[in-house]
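Here the structure is laid out as structure tokens; the discussion comes afterwards.
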């Protein structure tokens, strides 16, 4: 039984390491695409309204301000989803955890849901 616990801890540590590495790579790719994808532009049909330069600048600033707020909320949603999944996983028995990992990652080494890192 002691070997099983040691093996489980080893798999958990390995899985968290892989998830952290993959998350860092994915975040780096996302950062690069976000910078390219979001160019300041007026909403659809606003360009047909005969806006003054001042109006255009105000609208673009509003858009940028809300984009930042939305990005913060998106990050919070992602964090809450991960936390929720982790807590649900913790309710499972060891046998259920093993079966769950086999179901969600067939043919791959089992890795439990990502733990929230302390910031």
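The values are calculated or read from the model by the stated rules, or taken from the named source; none is laboratory data. Quantities reported herein were computed from a predicted structural model and do not represent experimental measurements. Glycine also receives a Cβ, built like all others from the backbone with ideal geometry; neighbour counts cover every protein chain displayed.
Condition check for residue 94 on (1) at pLDDT below 95; (2) in contact with a helix residue (DSSP H, G or I) (Cβ under 9 Å, 6 or more places away or on another chain); (3) surrounded by 11 or more Cβ atoms within 10 Å (Cβ to Cβ): one failure, at (3). The criterion of being under 23 Å from the mean Cα position of the chain (by Cα), surrounded by 11 or more Cβ atoms within 10 Å (Cβ to Cβ), modelled with pLDDT of 65 or more and assigned to a helix (DSSP H, G or I) does not hold for residue 75.
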